[in-house]
Amino acid sequence: MPEGAPAIRATSLPVHMDVELSSKCNLRCRFCHLSYFDPKEVTQFSLDAFKKKIGPILPHLAWITLFNKYEALTCRDFVPIFDYVAGFGIETYFSTNGLLLDDAIIETIVGRLTYLTISITGFTRDSYKRNMKHDGLDRLQRNLDRLNKRKRELGTRYPILRISTVGMLDALDELEMAVDFADRHDAEEGVQLTAFKAHHADLVELMPLTDPDAYTRASRRARAHAQAKGVKLVLQSGSIAENTADTEALGHRFCDLPWHRLSVQPDGEVYPCPMAYEPIGNLAGESLAEIWRGERLTAFRAGVNDADNMNPDCAGCTHCRHRSLTRPEVNDYSRAETYPTGMTRKPAG
Ligand SMILES: C[S@@+](CC[C@H](N)C(=O)[O-])C[C@H]1O[C@@H](n2cnc3c(N)ncnc32)[C@H](O)[C@@H]1O
Ligand code: SF4
Ligand code: SF4
C-alpha cells in the first residue's frame, strides 16, 4: 500500500458485478484483442443460468455492467435477461458496437438501461470500414436514430449515451468528428477516448507512447472543439502528463476495484477484476458470496497496491482507468501469448 493511501474495507458483498453475457462478437475490429486472441470457451449465459447463478446477488447490488471483453448483444437471451435485471432497480450499463440494436432490444432498454456506450472508431464510411472491418456506419447511424426516436417518444433520457473511440495515433485526426457524431446523436456523456493497447506487431507504432506529443496535440484540439460545441470529452486514462503523475509510485493507479466489485465470465468462472488472468472460483461449485469471502480473493487483494509484493496482474494492469500510458509493457501486447480471463493467442496464419 503506498504511503498515505486509504485503508480499504471490503463491502460485505460485492455492490457492483461485471457479468459477461456472451464470449462472442459480430465484429473483428482491427484493434481489438478478439482479432488476435481466442476466448477460453465460446459460450453465453442463458436466462436460467443467469437467474440461478447471478440472481441471488442482484438484491444487494447498486450497479451491474453487462459486458466486458465481447459483445453483449450476441447473447441469445439478452432481452429476457435484461428484463429480469430491470426488475431489481439497479443501475445498468453496457458497451456495444451498436450494430445489433434491433427494435426488440431498443424496446427493452429505452427508459430502463442507465448508461449505454457506443464504440466506434472511424467516422467516415471508409475509416469505419478500415478500423471496424465492416461496412456498418450507415446501419449504426440508423440504429441510433431509432433509439433516440424511441427515447423522445417515451420522454426519457435513458439510456444515457456515450461515444467511445480508440485513440490509435492514426485515428486521432478524426477526434473532432467523434465530437460531432456525439452531438448529432445526443450523447449526453459525449466522447470517451480509450488509450490504445497493441495486440499485434503491426499496431505497436500506433500506441500513444510512440508519439506522446502527437497524442497531446490531438487531444487538445479535440478538447477545444468539444468545448465550443458543448460536448463532453473524457480521456479515459487522463492526459499523458496526468497519467504519468498518477501511475508513478505504483506503476498503475491506486485501485480499490476488488473490494467492491466482482467479475463473471459466461462459463461461470469468477475473476477478482475484469483484467485478471486467473479465476478465483467457479459458479459451478461455489456461490458468489462464498467466493467474495474466500481465501483466494483475500490473497489477491493483498497484492493489488503493494509495490513490494504486487500481483503480476496488477503490476501489468491493462485496465484503462488504472493503467500507465507510458510503460511499454502494459501497452504493448504484441508478443503476449495469453490475455486476461484465459484468452490465448490465435494460432499463426
Ligand atoms: C472490447 S469492447 C467490448 C464491448 C463492445 N463489443 C464494444 O465494442 O463496445 C470494449 C471497449 O474496448 C475498446 N477496445 C477494443 N480494443 C481496444 C484496444 N486495443 N485498445 C483500447 N481499447 C480497445 C472498444 O473500442 C470498446 O469501447
Ligand atoms: S465490437 Fe467490441 S468486442 Fe467486437 S471486435 Fe470490436 S471492440 Fe472487440
Ligand atoms: S489488475 Fe488492475 S484493475 Fe485489476 S485489481 Fe489489479 S490494478 Fe485493479
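If you go through the range 185-197 and keep only what is at pLDDT 95 or above and either farther than 18 Å from residue 238 by Cβ or of a type in the set (Lys, Arg) (or both), you end up with 185, 186, 187, 188. Against the conditions (1) out of contact with any Pro (no Cβ under 8 Å at 6 or more places or on another chain); (2) within 16 Å of ligand 3 (Cβ to nearest atom), residue 104 satisfies every one except (2). Please work out which one of (1) part of a helix (DSSP H, G or I); (2) in contact with a Lys or Arg (Cβ under 9 Å, 6 or more places away or on another chain); (3) more than 30 Å from residue 38 (Cα to Cα); (4) among the charged types (D, E, K, R) is the condition residue 138 fails and give its number. Evaluating residue 138 over (1) part of a helix (DSSP H, G or I); (2) in contact with a Lys or Arg (Cβ under 9 Å, 6 or more places away or on another chain); (3) more than 30 Å from residue 38 (Cα to Cα); (4) among the charged types (D, E, K, R) leaves (3) as the failure. In the set (1) of a type in the set (Asp, Glu); (2) touching a residue at least 60 places away in the same chain (Cβ under 8 Å); (3) out of contact with any Pro (no Cβ under 6 Å at 6 or more places or on another chain), residue 313 fails one condition alone, (2).
Residue-wise test of (1) modelled with pLDDT under 95; (2) within 12 Å of ligand 1 (Cβ to nearest atom); (3) assigned to a strand (DSSP E or B).
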site: 59; (1), (2), (3): no, no, no
site: 64; (1), (2), (3): no, no, yes
site: 82; (1), (2), (3): no, no, no
site: 88; (1), (2), (3): no, no, no
site: 104; (1), (2), (3): no, no, no
site: 116; (1), (2), (3): no, yes, yes
site: 127; (1), (2), (3): no, no, no
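Candidates in the range 317-346 are the residues that are among the charged types (D, E, K, R) and away from ligand 2 (no atom under 16 Å from the Cβ); of these, the one that is nearest to the chain's Cα centre (by Cα) is 321.
Does residue 70 count as in contact with a helix residue (DSSP H, G or I) (Cβ under 8 Å, 6 or more places away or on another chain) and within 15 Å of ligand 1 (Cβ to nearest atom)? Against the criterion (in contact with a helix residue (DSSP H, G or I) (Cβ under 8 Å, 6 or more places away or on another chain) and within 15 Å of ligand 1 (Cβ to nearest atom)), residue 70 qualifies.
Rundown of residues vs (1) modelled with pLDDT of 95 or more; (2) surrounded by 14 or more Cβ atoms within 10 Å (Cβ to Cβ); (3) farther than 22 Å from residue 70 by Cβ; (4) not charged (D, E, K, R), yes/no style:
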residue: 92; (1), (2), (3), (4): yes, yes, no, yes
residue: 111; (1), (2), (3), (4): yes, yes, yes, yes
residue: 136; (1), (2), (3), (4): yes, yes, no, yes
residue: 146; (1), (2), (3), (4): yes, yes, yes, no
residue: 149; (1), (2), (3), (4): yes, no, yes, no
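The values are calculated or read from the model by the stated rules, or taken from the named source; none is laboratory data. Predicted model, so just to flag it, every value in this text is computed and none were measured. Counting neighbours? That spans all protein chains shown, and the Cβs are built from the backbone with ideal geometry, glycine included.
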